[in-house]
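Since every read-out is calculated from the coordinates, none of them should be taken as a lab result. Model, not experiment: these values are computed from the prediction. So basically every Cβ, Gly included, is an ideal-geometry build from the backbone, and we count neighbours across all protein chains shown.
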Amino acid sequence: MKHGSQINWQAGRGSPLAVLKQWLKDKGWAIVQPWVWAVQNSFFRLDLRRPGNDFVSHLQHQLRMGWRWFNYGLFLNQERHDNHELNGSVEDFLTWDFDGMRNQLQVGPAYRTLLLGAARSPACFHSHANFDTTCIWDGCDELGHWDHIAWTCPYRPSSLTCCDHMSRRFGWWKVGDTMECADWLSKVVSRIWETRYPKGVG
C-alpha cells in the first residue's frame, strides 16, 4: 500500500492508513516513528520504510509474533488459577516452538483444540445437566477437572509427568523439546470427546 501508491503518513480519518493505525493500536502496537511500530515490552517491530529481501514474509512473522505476545499478555492478566505461576517475560515467551506448534495444528482436531487453548474438561460443564462432570477414566468417580484427568488421576493410562504450567495446560513445548506432553494431552482431549459425545447417543 505504502510503496505502491506513496500514501502520505498524515492521511486523514477514514483512509486505509488511519484504519491500519487504529487496528495496530488496538492490538498493542505503538508508533515509534512514521511507518515504524513496536509492541511494548517486546522485540517485535514493523518497519514499512524500506522494502528489502523477504520484506513481506518478515512483516508477516513480526505481526504473528506481536499478535501472540499481545494475546499472551491478555491471558496473563486474567484472574485464572492456571496462569499465576507463568513467566511473563518476552525472553521466556520466545523460547516456545511456535513454528512447530503451528505445523502441528494441521495434524488433527484434538491437537488444534489443545494447542489453541479450546479444550474444556468435564468439570467445566458443571452447570450443564446434560454432561457428566466426573473423570473420563474408567474406575474413577472424582470431579473431572483438567489437572486431575490429565496429570493426577491414578486411573489414567499414562505415567507421564510435567512441571511446566503451559505444557500441563496447553501442551506447548519449547524449541528443542519433545512433543510428549502435547501427544498425551491430545489423547486426553479425544477421550473427553468420546465420553462427552458417545457414538450412537443423541
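Cut-off under 20 Å on the C-alpha distance; same-chain residues fewer than 8 positions from Lys199 excluded. Which lysines are left, in chain and number order?
Within the straight-line limit of under 20 Å, Lys199 reaches these lysines: Lys187.
Going by how many other Cβ atoms sit within 10 Å of their own, how do Asp164, Asp92 line up, fewest first?
Values: Asp164 16, Asp92 12.
Fewest-to-most ranking of Asp164, Asp92: Asp92, Asp164.
Compute the angle between helix 180-196 and the longest alpha-carbon principal axis of the chain, please, reported from 0 to 90 degrees and rounded to the nearest 10.
In the chain, helix 180-196 runs at an angle near 60 degrees to the longest axis.
Size of the dipole of the chain about the Cα centre, Lys and Arg at +1 and Asp and Glu at -1 on the beta carbon, nothing else charged, in debye to 20?
For the chain, the charge dipole is close to 1120 debye.
Could you give the distance between the Cα centres of the range 108-173 and the range 59-77, to the whole Å?
Cα centroid of the range 108-173 versus Cα centroid of the range 59-77: 26 Å apart.
At 222 nm, what value in deg cm²/dmol follows for the chain if DSSP H runs of at least 4 each add -39500 (n - 2.57) and the sum is divided by all its residues, to the nearest 500?
Details: 8 runs with 78 residues, N = 202.
Computed ellipticity for the chain at 222 nm equals -11000 deg cm²/dmol.
Figure the gain on full extension for Gln78 and Trp9 (residue separation times 0.36 nm, minus the Cα-Cα span) and round it to one decimal in nm. Please report the intermediate quantities before stating the final value.
Working: separation 69, 0.36 × 69 = 24.84 nm, distance 3.59 nm.
Fully extending the segment from Gln78 to Trp9 adds 21.2 nm.
Any cysteines in the chain with zero other Cys Cβ atoms under 4.7 Å from their Cβ? List them, or say none.
Within the chain, the cysteines lacking a partner Cβ under 4.7 Å are Cys124, Cys153, Cys162, Cys163, Cys181.
Once R0 is set to 45 Å, what does the formula 1/(1 + (r/R0)^6) return for the Cβ-Cβ distance between Gln60 and Thr152, expressed as a FRET efficiency to the nearest 0.05? The partial results should precede the final answer.
On the way: r = 41 Å, r/R0 = 0.90.
The calculated FRET efficiency here is 0.65.
I'd like the orientation of helix 55-76 relative to the chain: the angle between its Cα long axis and the longest Cα principal axis, in ° from 0 to 90, rounded to 10.
50
Pairwise over distinct Cα atoms, reciprocal of the mean inverse distance: report the Kirkwood radius of the chain in Å, one decimal place. Could you put the intermediate results ahead of the total?
Numbers: mean 1/r = 0.0505 Å⁻¹.
When all Cα pairs of the chain are included, the Kirkwood radius is 19.8 Å.
Of the options Ala118, Leu86, Ala38, report the single residue whose Cα projects farthest towards the positive end of the charge dipole of the chain (beta-carbon charges: Lys, Arg +1; Asp, Glu -1).
Going by the charge dipole, the pick is Ala38.
Between Arg102 and Leu48, what length in nm is gained on full extension when 0.36 nm per residue of separation is reduced by their alpha carbon distance? Walk me through the numbers before you get to the answer.
Values: separation 54, 0.36 × 54 = 19.44 nm, distance 2.57 nm.
Gain on extension, Arg102 to Leu48, equals 16.9 nm.
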